[in-house]
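Report on the structure given below.
Read-outs throughout are calculated quantities, based only on the coordinates presented, and are distinct from any laboratory measurement. Treat the numbers as computed from the prediction; the structure is a model and nothing was measured. Don't worry about glycine lacking a Cβ; one is built from the backbone with ideal geometry, like all the others, and counts go over all protein chains shown.
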Amino acid sequence: AQSVTQLGSHVSVSEGALVLLRCNYSSSVPPYLFWYVQYPNQGLQLLLKYTTGATLVKGINGFEAEFKKSETSFHLTKPSAHMSDAAEYFCAVSDSPYRLAFGKGNQVVVIP
Amino acid sequence: DVKVTQSSRYLVKRTGEKVFLECVQDMDHENMFWYRQDPGLGLRLIYFSYDVKMKEKGDIPEGYSVSREKKERFSLILESASTNQTSMYLCASTVAGGQETQYFGPGTRLLVL
């Protein structure tokens, strides 16, 4: 069964500093991998996804993630945090149709 | 632009009431999903539907039922609301295939007193 681990429910980052959110997954087959962002009082919005091909994936708002099969990881990064990046971020994995397993989320706080 | 709408943003109900949550998508998507979101637990799948009148249980279906009479509309029903069903409910849809990007509605925050 697929599962996702996101460590650290709350992540604080200074404005202008690197944003790094870790995601590790377990899956018996090559998965599709996603990062979603949720702004306050809104639904989830896709940041980026990996299906096949290039392992470094670029998304919206300057975020990117790298799929590392040997480490079963899909960490999310952004070189320079902005105040508008304050939100909750979810990593998700799908290794079968209709099934998307979510991590527990990281609440990102950006400190001025 | 893709759009998933949910009938209410906030809802307050009493224990034992029957509750209907409605979701509509305008993207002609085959698949629709209902999740509940609780702090520290992420999103958990309640039910999904891959076609009109078709439904499958997710990970936490107890206490819920669903209805899909039209392709664009997917309803979540709480037959007899309980306080432990106080939560944020999110609807999503995706194209056929089932592993593609899911598009989410804004959510309904339900409080059961």
To the nearest 0.05, the calculated FRET efficiency linking B:V52 and A:N61 through their beta-carbon distance, R0 being 35 Å, is 0.45
In chain B, lysine pairs 8 or more places apart or on different chains with C-alpha atoms under 17 Å apart total 6
Treating only Lys and Arg (+1) and Asp and Glu (-1) as charged, each at its beta carbon, one finds that region B:39-113 has a dipole about its Cα centre, in Debye to the nearest 20, of 160
Per-residue average of other protein chain Cβ atoms inside 10 Å, peptide A:85-92 -> 1
For peptide B:65-77, the mean count of other chain Cβ atoms within 10 Å per residue Cβ is 0
Expected unfolding gain across B:K70-B:E22 under the 0.36 nm per residue rule, minus the alpha-carbon gap, is 16.1 nm
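Please list, by residue number, every one of the chymotrypsin sites (Phe, Trp or Tyr not before Pro) in region A:49-90 that is coil in DSSP and has at most 14 other beta-carbon atoms within 10 Å. Each step should come with its number before you reach the end.
Working: sites: A:Y50, A:F63, A:F67, A:F74, A:Y89, A:F90; in loops: A:F63.
Answer in residue order: no site qualifies.
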Protection proxy (average C-beta count within 10 Å per residue), highest first, orders B:63-74, B:39-50, B:2-13 as B:39-50, B:63-74, B:2-13
Across B:42-49, the residue-averaged tally of Cβ atoms belonging to other chains within 10 Å stands at 4
Ranking A:T72, A:Y32, B:P61 by how far each Cα lies towards the positive end of the charge dipole of the protein assembly as shown (+1 on Lys and Arg Cβ, -1 on Asp and Glu Cβ), the top one is B:P61
About its Cα centre, chain A carries a charge dipole, from +1 on Lys and Arg Cβ atoms and -1 on Asp and Glu Cβ atoms, whose size in debye to the nearest 20 is 220
Those GluC sites (Glu not before Pro) from region A:1-106 that are DSSP loop and have at most 13 other Cβ neighbours within 10 Å turn out to be A:E15
Relative contact order of chain B (C-alpha contacts under 8 Å, at least 6 apart) in percent is 36
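Where does chain B land on the Kirkwood hydrodynamic radius, alpha-carbon pairs, in angstrom?
13.9
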One point scatterer per Cα, no solvent, Debye formula: log10 I(q)/I(0) for the protein assembly as shown at q = 0.09, 0.12, 0.17 Å⁻¹ comes out as -0.36, -0.65, -1.22
Taking every other residue with Cβ under 15 Å from the Cβ of B:L41 and scoring Lys and Arg +1, Asp and Glu -1, one gets 0
In debye to the nearest 20, the charge dipole size for the protein assembly as shown, taken about the Cα centre with +1 at each Lys and Arg Cβ and -1 at each Asp and Glu Cβ, equals 300
Between the modelled labels at B:S82 and A:H10 (7 Å from Cα along Cα→Cβ) the distance in nm is 3.1
Region B:1-52, Kirkwood Rh and Cα Rg, ratio Rg/Rh at 1.00
Rounded to a whole number, the Stokes-Einstein D of chain A in µm²/s (Kirkwood radius over Cα pairs; 25 °C; 0.890 mPa s) is 175
